[in-house]
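Values in this text are rule-based calculations from the coordinates and carry no lab data. Keep in mind that what you see is a predicted model, and the values were worked out from it rather than measured. So basically every Cβ, Gly included, is an ideal-geometry build from the backbone, and we count neighbours across all protein chains shown.
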């Protein structure tokens, strides 16, 4: 029987990594709670938000159009394009779990953020603010790209590295734009990044378990078909033939 553990080396989150990945998920969840609790139902910046906002105003005092363009990277259109690009890396690596991770993980992360916003109740300019949905979308794709690019096929690795670098720079620029332009507070952005990281890691693990289960069932099916059967002659209609005296 072929080992059902063979695909583990192609897993999105290998078994050897999962303990640390689990710790990251727990830390992200705790950090979201720590960021949210002091700002429940508020419509003003905290002391950390004030410090970051003042610093960004000093760094970017002039034309803010470049930051506005970067802030739009988390909008629906760009996110759909980014999702397709990350999924294409999974396709090129010929791993269905890698293909599905950005397509499933990012919507789940954004949905989680949208569910949390009214629970936290923090607003900015009359809109729900925490966690940041734009940040959640882009960071979830960055985390997905990191997992999808693991053990890339020859020729795919450099493409994945360029994509990861572009997403990382885009995420930083978008975060700066969101805060400097007053769309979000700094703590909103941090909470969105935490939600994205936790949800994508959990989604990746779920896809790995599903992949392992499918392979296990296939292995069991092959073993059942190849198992020796009793030598019992039968008539053409399937009725067991009488034994000779």
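In terms of its C-alpha gyration tensor, region 86-171 comes out prolate, because a/c is 1.5 or above and the ratio a/b outweighs b/c. With the cut-off at 1.5 for a/c, could you classify region 21-134 from its C-alpha gyration tensor as rounded, prolate or oblate? Cα axes put region 21-134 in the oblate bin. Peptides 73-84, 103-114 ordered by packing proxy, namely the average of other Cβ atoms within 10 Å per residue, highest first: 103-114, 73-84.
The shape of region 77-230 comes out oblate: with a ≥ b ≥ c from the C-alpha gyration tensor, a/c is at least 1.5 while a/b does not beat b/c.
Packing here is the average count of other Cβ atoms within 10 Å per residue, and on that basis the peptides 87-100, 126-139, highest first, run 126-139, 87-100.
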